[in-house]
Amino acid sequence: MKLGFIGLGNMGAPMARNLLKAGHDLTVFDVVQANVDALVKAGEGHAQSASTPAAVLESGVDAVITMLPAAQHVKSVYLGEQGILSANVVGVVLIDSSTIDPMSARDVAKAAAQKGALMLDAPVSGGTGGAEAGTLTFMVGGEEALYERMKSLLACMGKNIVYCGGAGNGQVAKVANNMLLGISMIGTAEAMSLGVSLGMDPKVLAGIINTSSGCCWSSDTYNPYPGVLENVPASRGYTGGFGADLMLKDLGLATEAAKLAKQPVPLGSLAQQIYQTFSLQGSGSLDFSAVIKLFTKK
């Protein structure tokens, strides 16, 4: 296919490279020219640059994938003066893999439909490692027939492609999952810190938790206590991984969506405040598991 790809940051660039590896031709755009130049070079003749989001469409692409930081960027890229929807998009498939609030996703999908485009929201889970390896999980919202049509394309970038329902439901799945992840990481950090402060060896404690009722992904796969697991951010000074400020952003999306739905999320709101405190202390660039620093000197 001839594809457009907009947003070549830490996630978008490896996703675009995997599309190139799968044999697709790309037209790309990013506000950072160096990112564009690197992707075009990696394409070895199968990738070209565009000067604006609208210009990506003008190159005659069959589908466009966007991977952008926040809702304001998505709205600008799609609805702006030189945005995607200012071009002829009739019959073009638009796939937004950014993580934004469900309401914004639905607003953009509605605007796209009014212009004759077909749209899916398809946020991802799996981080930069999953983006590099092509093992991302895609949570997809939109028309099911379109999902089935685009599933093989998404499989070039991920291994788990899940249909979540109508427009915006991919974002619903993402914010609900990440809210739970933020809550469970704080709980794991509290439990590990309590046990160690009372004299337990952290590895022994983690082993007990991970074979007992307290087991969760935050404890058995991504444990926040230093020295418990290798190859996790806690073993390398909390560098790499999923930044605390990104977790704060996703918790904000969840709590804002909950307000609109009049749905109580007391633990999600508390988790947001805890990560806000952590960020205000200057630690937002650390991995989100570093929140354990609020409970221990480690």
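For the reader, a short list of remarks on this structure follows.
- Subset tally (residues that are surrounded by fewer than 21 Cβ atoms within 10 Å (Cβ to Cβ) and modelled with pLDDT of 95 or more) for segment 237-247: 2
- Residue identified as modelled with pLDDT under 95 and either out of contact with any strand residue (DSSP E or B) (no Cβ under 9 Å at 6 or more places or on another chain) or not assigned by TED's automatic domain parsing to the domain that holds V204 (or both) among L251, L260, L267: L260
- Breaking point among (1) in a helix (DSSP H, G or I); (2) under 16 Å from the mean Cα position of the chain (by Cα); (3) of a type outside the set (V, I, T); (4) surrounded by fewer than 19 Cβ atoms within 10 Å (Cβ to Cβ), for S152: (2)
- Total residues in segment 1-10, condition crowded, with 24+ Cβ neighbours inside 10 Å and under 16 Å from T99 (Cβ atoms): 2
- Of all residues in segment 27-61, those that are within 21 Å of G80 (Cβ to Cβ), at pLDDT 95 or above and either not assigned by TED's automatic domain parsing to the domain that holds H73 or not in a helix (DSSP H, G or I) (or both) total 11.
- Hits in segment 65-74 - residues which are crowded, with 20+ Cβ neighbours inside 10 Å and assigned to a loop (DSSP other than H, G, I, E, B): M67, L68
- So D62, is it surrounded by fewer than 21 Cβ atoms within 10 Å (Cβ to Cβ) and closer than 18 Å to M157 by Cβ: yes
- Being crowded, with 17+ Cβ neighbours inside 10 Å and assigned to a helix (DSSP H, G or I) holds for only one residue in M185, M119, and it is M185.
- Every residue from segment 260-279 that is of a type in the set (V, I, T) and in a helix (DSSP H, G or I): I274, T277
- Restricting A122, A133, A173, A117 to residues that are without any contact (Cβ under 8 Å) to a residue 60 or more places away in the chain, of a type outside the set (K, R) and over 28 Å from A244 (Cα atoms) narrows the list to A117.
- Filtering segment 130-145 to residues that are of a type in the set (A, V, I, L, M, F, W, C) and surrounded by fewer than 16 Cβ atoms within 10 Å (Cβ to Cβ) leaves A133, A145.
- Lone qualifier among L198, L229, L248 - being over 17 Å from S283 (Cβ atoms) and touching a helix residue (DSSP H, G or I) at 6+ places or on another chain (Cβ under 9 Å): L229
- Pair list, Cβ under 8 Å, 6 or more apart: segment 22-39 residue under 17 Å from S152 (Cβ atoms), other residue outside any helix (DSSP H, G or I) and at pLDDT below 95: H24/M1; D25/M1
- Among the residues of this structure, S213 does not count as one that is in a helix (DSSP H, G or I), among the polar types (S, T, N, Q) and without any contact (Cβ under 8 Å) to a residue 40 or more places away in the chain.
- Only one of the numbered conditions (1) among the aliphatic types (A, V, I, L, M); (2) buried (at least 19 other Cβ atoms within 10 Å of the Cβ); (3) within 23 Å of V232 (Cα to Cα) is not met by A173, and that is (3).
- Lone qualifier among V90, V77 - being assigned to a loop (DSSP other than H, G, I, E, B), aliphatic (A, V, I, L, M) and either assigned by TED's automatic domain parsing to the domain that holds G241 or in contact (Cβ under 8 Å) with a residue 12 or more places away in the chain (or both): V90
- G127 being on the phi > 0 side of the Ramachandran plot and surrounded by fewer than 24 Cβ atoms within 10 Å (Cβ to Cβ): yes
The values are calculated or read from the model by the stated rules, or taken from the named source; none is laboratory data. Here the structure is a predicted model, which is why all the values come from computation and not from measurement. When we count neighbours, we look across all protein chains shown, and the Cβ atoms used for this are built from the backbone with ideal geometry, even at glycine.
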